[in-house]
Amino acid sequence: MPNRDRVTCTIDDNNIATVTLNRPDKLNAIDMDMFMAVNQLTRELKKNKTLRAVIVTANGSDFCSGLDVKSLLTSKVGALKLLFKWWPTQANAAQRFSTGWREIPCPVIFAIHGKCWGGGLQLACGGDFRIASYDSNFSIMEGKWGLIPDMGGSLAFREVMRQDHTLEMAMTAKVIDSQTAKSYGLVTHLSSDPYMEAYNLALECVNRSPDAIAANKKLYQKTWWTSPGKALMLETWYQIKVGMGKNMIIAGQRERNREEPRAFEARQFK
């Protein structure tokens, strides 16, 4: 499990991973090292069949102030590495910084405080839930630099916000407060202790079948914008796969014997 200067990861006895952005002196601004560390970490977490939930937080006063523009502009090779892709419809390294969390087959919960701007907001929208402090604030900051959000933002924002709210934020680069962000759908819950609320949500998910959790995540990612026919097909297919697994039987046993619940087996759903 990578534990570099830019990002750390610990997994506790509940198989809940805590991922921490760790560049507090730069407000966790995203440089090349952070891109690479996060992308490697999401690839490794995706392979961990015992993992039950991921919480992403940050050290320092702010969750993430966006791209470290000065750092990235000094390296043309670095910029090419971020933008290069073998096939147009595949995610490049910059986009995987956000989309990589979608591929982890368990809940990914972002605990946000302070600034969540630009690339930091696209990062957070790659998760399944966002729990933010009351004093947090948000911005699609790329417009300030004459750019568009190109780190998976076209996927992330369309699933949580209305189109007009997204366009307004992207075109103006305005900063909005936490209450506005919640009304827009950017934030799932507001809390005075985002990490603790995120952990409690993770524990609720730990109490359910890891196969059902993984199937739910994949089902709604695959069907949210698809045709009704495909949605119904995948719903039936995933139900068959989950129903044939041992964890479905264990879930029933746990409901019948809550005083001594049987432990779930490692996730099998793919």
Filter segment 188-203 for residues that are within 19 Å of ARG52 (Cβ to Cβ) and polar (S, T, N, Q); the one that is surrounded by the most Cβ atoms within 10 Å (Cβ to Cβ) is THR188
Expected output for segment 212-225 (first residue open to solvent by less than 30 Å² (accessible area, probe 1.4 Å), partner part of a helix (DSSP H, G or I) and among the hydroxyl-bearing types (Ser, Thr, Tyr), Cβ below 6 Å, 6+ apart or cross-chain) is ALA215/TYR238; LEU219/TYR238
Taking first residues from segment 252-266 that are open to solvent by less than 100 Å² (accessible area, probe 1.4 Å) and second residues anywhere that are in a loop (DSSP other than H, G, I, E, B), the pairs with Cβ under 7 Å that are 6 or more apart or on different chains are GLN253/ARG262; ARG254/PRO261; ARG254/ARG262; PHE264/SER209; ALA266/LYS49; ALA266/THR50
TYR238 meets each of (1) within 27 Å of THR10 (Cα to Cα); (2) open to solvent by less than 70 Å² (accessible area, probe 1.4 Å) with one exception, condition (1)
Checked segment 174-184 for anything open to solvent by 30 Å² or more (accessible area, probe 1.4 Å) and either of a type in the set (Phe, Trp, Tyr) or within 20 Å of the chain's Cα centre (by Cα) (or both); matches are LYS182, SER183, TYR184
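The values are calculated or read from the model by the stated rules, or taken from the named source; none is laboratory data. Note that the structure is a prediction, hence the values are computed from the model and not measured. Glycine gets a Cβ as well: all are built from the backbone with ideal geometry, and neighbour counts include every protein chain shown. Note: areas computed on protein heavy atoms with side chains; ligands, DNA, RNA excluded. Shrake-Rupley method; radii C 1.70, N 1.55, O 1.52, S 1.80 Å.
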